Structure formats: C-alpha cells, structure tokens
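S.K.: Okay, here's the structure, questions in a sec.
The values are calculated or read from the model by the stated rules, or taken from the named source; none is laboratory data. Note that the coordinates shown come from a computational prediction; the quantities given were computed from them, not determined experimentally. No Cβ is skipped: glycine too gets one built from the backbone with ideal geometry, and neighbour counts run over all protein chains shown.
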Amino acid sequence: MDFWPLIKVLPIRTHFRFVRLAKIAALLSVIAVVGSLAASLLPFKAPCGGLACGIDFEGGTVLEISTAPKAVDLAKAREGLRGLGIGDVQVQAFGAPSSAMIRFQTPAGRDGSGTIRLVQSHLTDSLGAVKFVRTDLVGPKVSNELLGKGLLGLGLAILAMLFYIWFRFELQFGLGAVAALFHDVLLTFGLIALLRIEFDLKAVAAILTIIGYSMNDTVVVFDRFRENLRKYKRMPLGEVIDMSINEMLTRTIITSFTAVLALIALAVFGGPSLYGLSIIMLFGIVIGTYSSIYIAAPVIMLWGVKRLDEEPEVLKPAPARR
C-alpha cells in the first residue's frame, strides 16, 4: 500500500462510542421522519401527494426530439408551446445539444393523439426541421397501475428483508433491520419532495437499490455483532454494539466511498434524465450507513438478545504428525 498513501488516513480500528449518542440520534431521526412524511403526503392530492409526480405516475406524453446538426433552442421550444392549454410543459436538454425531452400532460377530455400532433406542429413552426425520435403516451389508468405496483414492490421488498434477517439471525434483528429500512425509505421520500425531484419509475428503482444497500450494510454489522456476542458473553450489550460497529466502520467507509465516486460521476455526466436517480442513491448510501448504526443496532439493544443459548465453538487440537 506504499503507492496509495491515502488509505492510511483511515485508522484500522476506531473507538467511537456510538451507543452514547443513540438517544439524540433517535430524536433527530423521529423529527426527520415526521417532516419527511409531511412533505411527501401534504397536500393530500392524488396521485402523489406532495411529490413531484412524473409522467409515469400522473399520465401524459413524453416527446424526444432532435434538430441535428444544429442545437435545440430550448427557449423557442417553450415559447412555441406556451398557450396550448396542455398544463405545465417541461422542455429539457437531453444528451447531445441537438436533442431535447418535452413532457406535457394530455388535458382531460381531449384526444391524446390529437394533442401530440398539435404539439409536434408547434415545435416544427418554432424550431424548423425537427425529427421526433420517440413518443410515449401514458394514460391515467396505466399510471395508477404503475404507481400501485411500484409502492407494492417497495413494501414486498421490505417484508422479504424482514423474513430473511429473521431466518438468518433472530426476530429482534429483523425488526431492527426493518426499522432501519423504513427510516431510509421515508427520509428518501422527504428528499424527493424537498428537492422536487421527479417521482417516477427511475425514483422507485433508486429506492429499491437503497433498500438493498442498506440491508447489506446492516447484515455485515449484525454478523460481526453476533460473533462478538459469542466471544464476550459478560460484556455489556452496549459495549458489544460499539465494538462491532467500530470493527466494521473502516470497511464501510471505504465501500461507501467507492460507490459515492461512481454516483458523483453519474450525476455530473449522466444528464438530466439520470441526475435525480444519482442524487437519490447518493443520499441513500449516506443515510443507509447512518441507519445501520443508529436505528438497527439500538432496536436490538432495546429488545435484548439471548446470550447464553449458544456456546462458543471449541477448537479441537490438530492430530499429531507421525
């Protein structure tokens, strides 16, 4: 490691007392969760409440256009579509300078195909020669089904994690892991609402990725925690938790840092369509590490664990060589 001295900045073993701050962290987490719920649900308006509902869940039309070889004049495109009565029109650069993404809703009672032809006509008048690369039409019925299936997928993922941890460890471990997952998911919804990130299928995929990452981090901590419970049966539970987290902290930081570097590159160079997904996953990595320490582990401490059922494995001496 002489050629990479930055690794030496991280100590091999830390000695932080995490349990001492558990009550303060719990209070902050409760406030953050309540605030996230309020930001996500208020106002109570279908289909997405306080979230910036995307075309996937709200219904509408997405047009991808190209004016190659010249660049798209976004201001002219917006001006050309103004006054058509198609709601809030979003015109964004997409990939190359000659490409753009246009999103709009089909007004109630109007023909979707007719509205698309009207928009295409106005874009041609405003920008000149336009190539319509892709046209996606999402109706209200389809969008409601997508929203329901997306939320169902999130719920089933959390339930599956509960049974997995219950099977691998004990019930209280599973409850701690699920509490951490709910914490991460609700705070992520709060971030989406606060930053007005478009809530669409890409956002659901990002949240599912966060669930997987958070669970992986929690399982690693739980595994070391169970090992230390077998080794140190007389040590107070809080000290065992601190020891287990400190033993895995450097590994967690290095693993998270590599993922953060990739996501920063994705946010900077991935364009508008991937920016929201990158921000959500960056937040999820940070909050997933936090919840493994200050949500999952304290739940186990409150519930308690059985410490005398399993005896430490006795190592047998190797047979003598003849």
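S.K.: Provide a single number: the residues in region 29-42 that are loosely packed, with under 13 Cβ neighbours inside 10 Å and closer than 17 Å to Ile287 by Cβ.
M.R.: Of the residues in that region, 3 qualify.
S.K.: For residues that are at pLDDT 70 or above and in a loop (DSSP other than H, G, I, E, B), scanning just region 84-109, find the one that is nearest to Gly54 (Cα to Cα).
M.R.: For region 84-109, the residue satisfying everything is Gln105.
S.K.: May I ask you to say which residue of Gly238, Gly276, Gly288, Gly284 is in contact with a strand residue (DSSP E or B) (Cβ under 7 Å, 6 or more places away or on another chain) and crowded, with 16+ Cβ neighbours inside 10 Å?
M.R.: Gly276
S.K.: Checking Arg307 against (1) modelled with pLDDT under 85; (2) assigned to a helix (DSSP H, G or I), which single condition isn't satisfied?
M.R.: Only one criterion in (1) modelled with pLDDT under 85; (2) assigned to a helix (DSSP H, G or I) is unmet by Arg307, namely (2).
S.K.: With the requirement that a residue be at pLDDT below 90, out of contact with any strand residue (DSSP E or B) (no Cβ under 6 Å at 6 or more places or on another chain) and not in a loop (DSSP other than H, G, I, E, B), what does region 27-55 give you?
M.R.: Result: Leu41, single match.
S.K.: For region 284-302, check the following and say yes or no: at least one residue is in the same structural domain as Ala203 (by TED's automatic domain parsing), outside any helix (DSSP H, G or I) and in contact with a helix residue (DSSP H, G or I) (Cβ under 8 Å, 6 or more places away or on another chain).
M.R.: No, there is no match, as no residue in region 284-302 is in the same structural domain as Ala203 (by TED's automatic domain parsing), outside any helix (DSSP H, G or I) and in contact with a helix residue (DSSP H, G or I) (Cβ under 8 Å, 6 or more places away or on another chain).
Residues are listed down the side, and each one gets a yes or a no for (1) under 16 Å from Glu170 (Cα atoms); (2) over 30 Å from the mean Cα position of the chain (by Cα); (3) polar (S, T, N, Q):
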residue: Leu201; (1), (2), (3): no, no, no
residue: Gly212; (1), (2), (3): no, no, no
residue: Arg230; (1), (2), (3): yes, yes, no
residue: Lys233; (1), (2), (3): no, yes, no
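S.K.: Considering Thr124, Thr209, Thr115, Thr188, which residue is at pLDDT 85 or above, assigned to a helix (DSSP H, G or I) and surrounded by 20 or more Cβ atoms within 10 Å (Cβ to Cβ)?
M.R.: Only one candidate qualifies: Thr188.
S.K.: May I ask you to verify whether Asp200 is more than 27 Å from Gly50 (Cβ to Cβ), among the charged types (D, E, K, R) and surrounded by 14 or more Cβ atoms within 10 Å (Cβ to Cβ)?
M.R.: Working: more than 27 Å from Gly50 (Cβ to Cβ): no; among the charged types (D, E, K, R): yes; surrounded by 14 or more Cβ atoms within 10 Å (Cβ to Cβ): yes.
Criteria not met by Asp200.
S.K.: Something else about it: Identify, by number, the condition in (1) at negative phi; (2) assigned by TED's automatic domain parsing to the domain that holds Ser29 that Gln120 doesn't meet.
M.R.: (2)
S.K.: Restricting the first residue to region 223-237 and requiring it to be at positive phi and not assigned by TED's automatic domain parsing to the domain that holds Trp166, which pairs with a second residue that is buried (at least 17 other Cβ atoms within 10 Å of the Cβ) and outside any helix (DSSP H, G or I) meet a Cβ separation below 6 Å and a spacing of at least six or different chains?
M.R.: Correct list of pairs: empty, since none qualify.
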